[in-house]
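Let me begin by presenting the structure, written as C-alpha coordinates, before commenting on it.
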Amino acid sequence: MAVEAAGLTAGDARIRGARAPGGMGPMIRLVFGLRGPRRPVLGREYAGRVVAVGAGMTQFRVGDAVFGITDGMHMGAHAEFVCVKATGLILPRPETLSVPEAAAFFFGGLTAADFLLDQCALQPGERVLVVGATGAVGSAAVQIAHHHGAHVTALASAENLDLARQLGADVAQDYRTAPPPGPFDVILDVPGVMPDALARLADCGRLGLITADLPSMLGAMLRPGRGEGRRLCANVIKETRQAMARLMALHEAAAYRPLIGSVFPLSEIALAHAQADSGHKRGNLVIEMAPKA
Ligand SMILES: NC(=O)c1ccc[n+]([C@@H]2O[C@H](COP(=O)([O-])OP(=O)(O)OC[C@H]3O[C@@H](n4cnc5c(N)ncnc54)[C@H](OP(=O)(O)O)[C@@H]3O)[C@@H](O)[C@H]2O)c1
(Lines give C-alpha, C1' and ligand atoms only; values in the text may rest on other atoms or scores of the structure.)
Protein backbone atom coordinates (compact mmCIF):
# COMPACT_ATOMS: atom_id res chain seq x y z
CA MET A 1 0.00 0.00 0.00
CA ALA A 2 1.20 3.53 -0.74
CA VAL A 3 0.88 5.54 2.45
CA GLU A 4 -0.51 9.02 1.84
CA ALA A 5 -0.42 10.09 5.48
CA ALA A 6 0.10 8.49 8.88
CA GLY A 7 -0.73 9.50 12.43
CA LEU A 8 2.15 10.12 14.81
CA THR A 9 0.84 9.28 18.26
CA ALA A 10 1.92 9.40 21.89
CA GLY A 11 2.34 5.63 21.48
CA ASP A 12 4.91 6.08 18.68
CA ALA A 13 6.80 8.59 20.80
CA ARG A 14 6.76 6.19 23.76
CA ILE A 15 8.18 3.34 21.68
CA ARG A 16 10.87 5.56 20.13
CA GLY A 17 11.94 6.90 23.51
CA ALA A 18 11.28 3.71 25.54
CA ARG A 19 9.25 5.88 27.92
CA ALA A 20 6.39 4.39 29.86
CA PRO A 21 4.46 5.19 33.04
CA GLY A 22 6.18 4.06 36.28
CA GLY A 23 7.31 0.47 36.34
CA MET A 24 6.74 -0.29 32.66
CA GLY A 25 9.82 1.19 30.94
CA PRO A 26 11.72 -2.14 31.01
CA MET A 27 8.67 -3.84 29.51
CA ILE A 28 8.73 -1.44 26.52
CA ARG A 29 12.44 -2.19 26.01
CA LEU A 30 11.87 -5.94 26.19
CA VAL A 31 8.95 -5.90 23.78
CA PHE A 32 10.10 -3.27 21.28
CA GLY A 33 13.91 -3.52 21.44
CA LEU A 34 16.61 -3.24 24.08
CA ARG A 35 18.84 -0.59 22.51
CA GLY A 36 16.25 1.15 20.32
CA PRO A 37 13.13 0.17 18.45
CA ARG A 38 13.65 -3.29 16.90
CA ARG A 39 11.46 -2.15 13.98
CA PRO A 40 13.24 0.89 12.54
CA VAL A 41 10.09 2.32 10.95
CA LEU A 42 7.44 3.22 13.51
CA GLY A 43 3.84 4.27 12.91
CA ARG A 44 0.64 2.31 13.12
CA GLU A 45 -2.33 4.27 11.77
CA TYR A 46 -2.40 5.27 8.14
CA ALA A 47 -4.42 6.46 5.16
CA GLY A 48 -3.31 5.24 1.77
CA ARG A 49 -4.03 3.55 -1.56
CA VAL A 50 -3.70 -0.07 -2.50
CA VAL A 51 -0.89 -0.54 -5.04
CA ALA A 52 -0.77 -4.35 -5.10
CA VAL A 53 -2.80 -7.25 -3.72
CA GLY A 54 -1.71 -10.76 -2.77
CA ALA A 55 -2.88 -13.76 -4.80
CA GLY A 56 -6.44 -14.74 -3.98
CA MET A 57 -7.19 -11.56 -2.02
CA THR A 58 -10.53 -10.16 -3.13
CA GLN A 59 -11.31 -7.67 -0.33
CA PHE A 60 -9.49 -4.78 -2.01
CA ARG A 61 -8.43 -3.77 -5.52
CA VAL A 62 -5.47 -1.76 -6.76
CA GLY A 63 -6.33 1.94 -6.46
CA ASP A 64 -8.74 1.56 -3.52
CA ALA A 65 -8.53 4.31 -0.89
CA VAL A 66 -8.13 2.68 2.53
CA PHE A 67 -7.27 3.50 6.13
CA GLY A 68 -6.42 1.43 9.15
CA ILE A 69 -3.87 0.23 11.67
CA THR A 70 -0.84 -1.93 10.89
CA ASP A 71 -0.95 -5.41 12.37
CA GLY A 72 0.20 -6.12 15.90
CA MET A 73 3.69 -4.85 16.57
CA HIS A 74 4.79 -4.59 12.94
CA MET A 75 4.26 -0.82 12.73
CA GLY A 76 5.96 0.59 9.58
CA ALA A 77 3.34 3.22 8.62
CA HIS A 78 5.83 6.13 8.75
CA ALA A 79 7.05 5.27 5.29
CA GLU A 80 5.97 5.69 1.68
CA PHE A 81 4.87 2.06 1.40
CA VAL A 82 3.70 -0.51 3.94
CA CYS A 83 2.50 -4.09 3.58
CA VAL A 84 -0.66 -4.95 5.55
CA LYS A 85 -2.97 -7.96 5.73
CA ALA A 86 -6.13 -7.51 3.67
CA THR A 87 -7.96 -9.35 6.45
CA GLY A 88 -6.46 -7.16 9.19
CA LEU A 89 -7.44 -3.79 10.66
CA ILE A 90 -8.10 -2.05 7.35
CA LEU A 91 -11.28 -0.45 5.98
CA PRO A 92 -12.34 1.36 2.80
CA ARG A 93 -11.80 5.08 3.33
CA PRO A 94 -14.95 7.21 3.35
CA GLU A 95 -15.14 10.46 1.39
CA THR A 96 -16.28 12.28 4.52
CA LEU A 97 -12.72 12.22 5.89
CA SER A 98 -9.76 14.19 4.54
CA VAL A 99 -6.52 12.23 4.14
CA PRO A 100 -5.03 13.64 7.42
CA GLU A 101 -8.29 12.93 9.26
CA ALA A 102 -8.33 9.35 7.98
CA ALA A 103 -4.68 8.94 9.01
CA ALA A 104 -5.49 10.06 12.55
CA PHE A 105 -8.91 8.46 12.85
CA PHE A 106 -8.27 5.46 15.05
CA PHE A 107 -5.78 6.09 17.88
CA GLY A 108 -7.70 8.65 19.94
CA GLY A 109 -11.14 7.50 18.81
CA LEU A 110 -10.69 3.81 19.61
CA THR A 111 -9.10 4.63 22.97
CA ALA A 112 -11.84 7.07 23.98
CA ALA A 113 -14.66 4.77 22.86
CA ASP A 114 -13.15 1.72 24.58
CA PHE A 115 -12.68 3.52 27.89
CA LEU A 116 -15.97 5.45 27.87
CA LEU A 117 -18.36 2.90 26.41
CA ASP A 118 -16.82 -0.48 27.32
CA GLN A 119 -14.60 -0.12 30.37
CA CYS A 120 -16.55 2.70 32.09
CA ALA A 121 -19.99 1.78 30.63
CA LEU A 122 -21.04 5.44 30.26
CA GLN A 123 -24.81 6.05 30.49
CA PRO A 124 -26.79 9.00 29.07
CA GLY A 125 -27.17 11.85 31.56
CA GLU A 126 -24.07 10.95 33.56
CA ARG A 127 -21.54 13.56 34.65
CA VAL A 128 -18.19 13.06 32.93
CA LEU A 129 -14.86 14.75 33.61
CA VAL A 130 -12.25 14.53 30.84
CA VAL A 131 -8.71 15.42 31.96
CA GLY A 132 -6.51 16.28 28.97
CA ALA A 133 -9.57 17.17 26.90
CA THR A 134 -7.93 18.59 23.78
CA GLY A 135 -5.23 15.98 23.08
CA ALA A 136 -5.75 13.04 20.72
CA VAL A 137 -7.70 10.87 23.17
CA GLY A 138 -9.38 13.67 25.12
CA SER A 139 -10.73 15.46 22.03
CA ALA A 140 -12.35 12.20 20.92
CA ALA A 141 -13.65 11.49 24.43
CA VAL A 142 -15.35 14.89 24.74
CA GLN A 143 -17.13 14.37 21.40
CA ILE A 144 -18.24 10.82 22.15
CA ALA A 145 -19.38 11.57 25.72
CA HIS A 146 -21.35 14.60 24.47
CA HIS A 147 -22.99 12.46 21.79
CA HIS A 148 -23.98 9.91 24.45
CA GLY A 149 -25.91 12.58 26.31
CA ALA A 150 -23.41 13.02 29.13
CA HIS A 151 -22.80 16.33 30.89
CA VAL A 152 -19.15 16.90 30.03
CA THR A 153 -16.64 18.90 32.06
CA ALA A 154 -13.33 19.35 30.25
CA LEU A 155 -9.99 20.14 31.90
CA ALA A 156 -7.58 21.84 29.52
CA SER A 157 -4.98 24.60 29.52
CA ALA A 158 -6.34 28.16 29.35
CA GLU A 159 -5.48 28.48 25.64
CA ASN A 160 -7.54 25.38 24.76
CA LEU A 161 -10.75 26.12 26.69
CA ASP A 162 -12.67 27.45 23.66
CA LEU A 163 -11.59 24.40 21.67
CA ALA A 164 -12.89 22.10 24.43
CA ARG A 165 -16.28 23.82 24.28
CA GLN A 166 -16.37 23.54 20.48
CA LEU A 167 -15.77 19.80 20.84
CA GLY A 168 -18.89 19.52 23.00
CA ALA A 169 -17.87 20.24 26.60
CA ASP A 170 -20.61 21.81 28.72
CA VAL A 171 -18.01 23.23 31.10
CA ALA A 172 -14.33 23.88 30.32
CA GLN A 173 -11.89 24.64 33.10
CA ASP A 174 -8.18 25.49 33.21
CA TYR A 175 -6.28 22.62 34.85
CA ARG A 176 -3.95 25.08 36.54
CA THR A 177 -6.85 26.28 38.73
CA ALA A 178 -8.42 24.18 41.52
CA PRO A 179 -9.93 21.02 39.98
CA PRO A 180 -13.72 20.74 39.95
CA PRO A 181 -14.83 18.89 43.11
CA GLY A 182 -17.40 16.67 41.43
CA PRO A 183 -18.83 14.24 42.14
CA PHE A 184 -18.54 12.71 38.65
CA ASP A 185 -19.98 9.43 37.43
CA VAL A 186 -17.06 8.93 35.07
CA ILE A 187 -13.61 10.51 35.09
CA LEU A 188 -11.27 9.91 32.15
CA ASP A 189 -7.78 10.90 33.21
CA VAL A 190 -5.89 10.80 29.91
CA PRO A 191 -2.41 11.96 31.03
CA GLY A 192 -2.71 10.31 34.47
CA VAL A 193 -2.22 13.50 36.45
CA MET A 194 -5.10 13.46 38.96
CA PRO A 195 -3.94 11.35 41.92
CA ASP A 196 -7.13 12.04 43.93
CA ALA A 197 -9.53 11.29 41.06
CA LEU A 198 -11.17 8.32 42.83
CA ALA A 199 -12.23 10.67 45.65
CA ARG A 200 -14.02 12.87 43.09
CA LEU A 201 -16.25 10.02 41.92
CA ALA A 202 -19.90 9.54 42.83
CA ASP A 203 -20.90 6.23 44.43
CA CYS A 204 -20.56 3.61 41.69
CA GLY A 205 -18.43 6.07 39.69
CA ARG A 206 -15.75 4.83 37.29
CA LEU A 207 -12.26 6.17 36.81
CA GLY A 208 -10.76 5.51 33.38
CA LEU A 209 -7.02 5.81 33.91
CA ILE A 210 -5.74 5.95 30.36
CA THR A 211 -2.08 6.52 31.23
CA ALA A 212 -1.73 3.92 33.96
CA ASP A 213 1.40 2.66 35.70
CA LEU A 214 1.87 -0.97 36.67
CA PRO A 215 0.49 -0.66 40.24
CA SER A 216 -2.66 1.08 38.90
CA MET A 217 -3.18 -1.61 36.26
CA LEU A 218 -2.85 -4.30 38.93
CA GLY A 219 -5.11 -2.24 41.24
CA ALA A 220 -7.76 -2.09 38.52
CA MET A 221 -7.94 -5.87 38.53
CA LEU A 222 -8.53 -5.91 42.31
CA ARG A 223 -11.19 -3.15 42.48
CA PRO A 224 -14.84 -4.12 42.86
CA GLY A 225 -16.83 -5.12 39.78
CA ARG A 226 -19.50 -3.12 37.99
CA GLY A 227 -22.24 -1.78 40.32
CA GLU A 228 -20.35 -2.58 43.53
CA GLY A 229 -18.77 0.77 44.28
CA ARG A 230 -16.20 3.05 42.74
CA ARG A 231 -14.24 1.29 40.05
CA LEU A 232 -10.84 1.81 38.47
CA CYS A 233 -10.60 1.00 34.73
CA ALA A 234 -7.08 0.77 33.32
CA ASN A 235 -7.03 -1.98 30.71
CA VAL A 236 -5.26 -1.87 27.38
CA ILE A 237 -7.87 -1.11 24.70
CA LYS A 238 -9.12 -3.73 22.24
CA GLU A 239 -8.22 -3.04 18.61
CA THR A 240 -10.71 -5.03 16.57
CA ARG A 241 -12.65 -4.65 13.35
CA GLN A 242 -15.82 -4.37 15.47
CA ALA A 243 -14.35 -1.47 17.44
CA MET A 244 -13.31 0.19 14.17
CA ALA A 245 -16.81 -0.27 12.75
CA ARG A 246 -18.36 1.25 15.89
CA LEU A 247 -16.10 4.29 15.55
CA MET A 248 -17.11 4.62 11.90
CA ALA A 249 -20.76 4.50 12.96
CA LEU A 250 -20.08 7.32 15.43
CA HIS A 251 -18.44 9.31 12.64
CA GLU A 252 -21.43 8.69 10.35
CA ALA A 253 -23.73 9.92 13.12
CA ALA A 254 -21.67 13.17 13.22
CA ALA A 255 -20.53 12.23 16.73
CA TYR A 256 -16.80 11.92 16.04
CA ARG A 257 -14.23 13.57 13.80
CA PRO A 258 -10.53 13.42 14.66
CA LEU A 259 -9.05 16.76 15.64
CA ILE A 260 -5.97 17.57 13.55
CA GLY A 261 -3.37 19.65 15.38
CA SER A 262 -0.42 19.78 12.94
CA VAL A 263 0.58 18.13 9.68
CA PHE A 264 4.30 17.56 8.95
CA PRO A 265 6.14 16.33 5.83
CA LEU A 266 8.04 13.07 6.39
CA SER A 267 11.31 15.04 6.31
CA GLU A 268 10.21 16.83 9.50
CA ILE A 269 9.16 13.77 11.46
CA ALA A 270 11.66 14.60 14.23
CA LEU A 271 9.74 17.83 14.92
CA ALA A 272 6.52 15.84 15.17
CA HIS A 273 8.13 13.45 17.67
CA ALA A 274 9.30 16.42 19.73
CA GLN A 275 5.74 17.76 19.80
CA ALA A 276 4.36 14.35 20.80
CA ASP A 277 7.01 14.12 23.54
CA SER A 278 5.84 17.42 25.00
CA GLY A 279 2.57 15.97 26.32
CA HIS A 280 0.81 19.20 25.29
CA LYS A 281 -0.21 18.68 21.69
CA ARG A 282 -3.56 19.71 20.29
CA GLY A 283 -5.43 16.73 18.88
CA ASN A 284 -3.49 14.56 16.47
CA LEU A 285 -0.22 14.92 14.58
CA VAL A 286 -0.07 13.69 11.01
CA ILE A 287 2.88 12.89 8.74
CA GLU A 288 2.26 13.43 5.02
CA MET A 289 4.40 11.24 2.77
CA ALA A 290 4.19 13.37 -0.37
CA PRO A 291 2.92 16.83 0.53
CA LYS A 292 1.25 18.72 -2.31
CA ALA A 293 3.63 21.25 -3.93
N1 LIG B 1 -4.58 2.24 27.92
C2 LIG B 1 -4.50 2.19 26.59
O3 LIG B 1 -4.82 1.17 25.96
C4 LIG B 1 -4.04 3.39 25.84
C5 LIG B 1 -4.30 3.49 24.46
C6 LIG B 1 -3.87 4.62 23.79
C7 LIG B 1 -3.21 5.63 24.48
N8 LIG B 1 -2.97 5.49 25.81
C9 LIG B 1 -2.24 6.55 26.53
O10 LIG B 1 -2.89 7.79 26.34
C11 LIG B 1 -1.92 8.80 26.37
C12 LIG B 1 -2.00 9.60 25.09
O13 LIG B 1 -2.93 10.55 25.16
P14 LIG B 1 -3.03 11.62 24.01
O15 LIG B 1 -2.53 11.07 22.74
O16 LIG B 1 -4.39 12.17 24.07
O17 LIG B 1 -1.96 12.67 24.54
P18 LIG B 1 -1.74 14.14 23.99
O19 LIG B 1 -2.38 14.31 22.66
O20 LIG B 1 -0.30 14.40 24.16
O21 LIG B 1 -2.56 15.06 25.01
C22 LIG B 1 -2.20 15.21 26.33
C23 LIG B 1 -3.23 16.14 26.97
O24 LIG B 1 -2.96 16.20 28.38
C25 LIG B 1 -3.09 17.56 28.77
N26 LIG B 1 -2.26 17.80 29.94
C27 LIG B 1 -0.91 17.83 30.02
N28 LIG B 1 -0.54 18.08 31.29
C29 LIG B 1 -1.68 18.20 32.02
C30 LIG B 1 -1.97 18.44 33.39
N31 LIG B 1 -0.99 18.63 34.29
N32 LIG B 1 -3.25 18.48 33.80
C33 LIG B 1 -4.25 18.28 32.91
N34 LIG B 1 -4.05 18.05 31.59
C35 LIG B 1 -2.78 18.01 31.16
C36 LIG B 1 -2.67 18.39 27.58
O37 LIG B 1 -3.30 19.64 27.67
P38 LIG B 1 -2.63 21.02 27.14
O39 LIG B 1 -2.03 20.72 25.80
O40 LIG B 1 -3.80 21.95 27.05
O41 LIG B 1 -1.58 21.40 28.15
C42 LIG B 1 -3.20 17.55 26.42
O43 LIG B 1 -4.52 17.91 26.11
C44 LIG B 1 -0.55 8.17 26.40
O45 LIG B 1 -0.03 8.24 27.70
C46 LIG B 1 -0.84 6.75 25.98
O47 LIG B 1 0.08 5.85 26.54
C48 LIG B 1 -3.37 4.41 26.50
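The values are calculated or read from the model by the stated rules, or taken from the named source; none is laboratory data. This structure is a prediction, so every number in the text was calculated from the model and none was measured. Counting neighbours? That spans all protein chains shown, and the Cβs are built from the backbone with ideal geometry, glycine included. What goes into the accessible areas is simple: the full protein's heavy atoms, side chains included, and nothing from ligands, DNA or RNA. Shrake-Rupley method; radii C 1.70, N 1.55, O 1.52, S 1.80 Å.
Among Arg35, Arg231, Arg44, the residue with the largest mean-square fluctuation in a Gaussian network model of the chain, with springs joining Cα atoms closer than 10 Å, is Arg35.
Other residues lying with their Cβ under 10 Å from the Cβ of Ala20 contribute a combined charge of +2, Lys and Arg counting +1, Asp and Glu -1.
For the chain, the carbon plus sulfur part of the accessible surface works out to 58%, probe radius 1.4 Å. So the label point goes 7 Å from the Cα of Val31 along Cα→C-beta, right? Which residues of segment 256-277 then have their backbone N under 16 Å from it? Counting backbone N atoms under 16 Å from the label point, the list is empty. In terms of the mean number of neighbouring beta-carbon atoms within 10 Å, the peptides 203-216, 169-182 order highest first as 203-216, 169-182.
Annotation: segment 107-233 has a Kirkwood hydrodynamic radius of 14.0 angstrom, from the mean reciprocal C-alpha pair distance. Spatially, segment 101-139 and segment 173-211 are offset by 14 Å when compared through their Cα centroids.
Multiplying the residue separation of Met24 and Val171 by 0.36 nm and subtracting their alpha-carbon distance yields 49.5 nm. Electrostatic tally near Lys85: other residues with Cβ closer than 12 Å to its Cβ, Lys and Arg +1, Asp and Glu -1, net 0. When the alpha carbon gyration tensor of segment 4-102 is reduced to an equivalent ellipsoid, the three semi-axes, largest first, read 28, 15, 10 Å. Solvent-accessible surface of segment 107-233, averaged per residue with a 1.4 angstrom probe and all protein chains in place: 40 square angstrom.
Between Asp162 and Ala253, the C-beta separation translates, for a Förster distance of 22 Å, into a calculated FRET efficiency of about 0.35.
A Cα-only calculation for segment 72-177 places Rg and Dmax at 16.0, 49 Å. Accessible area of Ser262 (1.4 Å probe, protein heavy atoms only, ligands and nucleic acids ignored): about 40 Å².
Glu126 sits with roughly 30 Å² accessible to a 1.4 Å probe, with DNA, RNA and ligands left out of the calculation. The translational diffusion coefficient of the chain, from Stokes-Einstein at 37 °C and 0.692 mPa s with a Kirkwood hydrodynamic radius over alpha carbon pairs, comes to 169 µm²/s. Among beta bridges identified by DSSP and lying wholly in the chain, the antiparallel ones come to about 40 percent.
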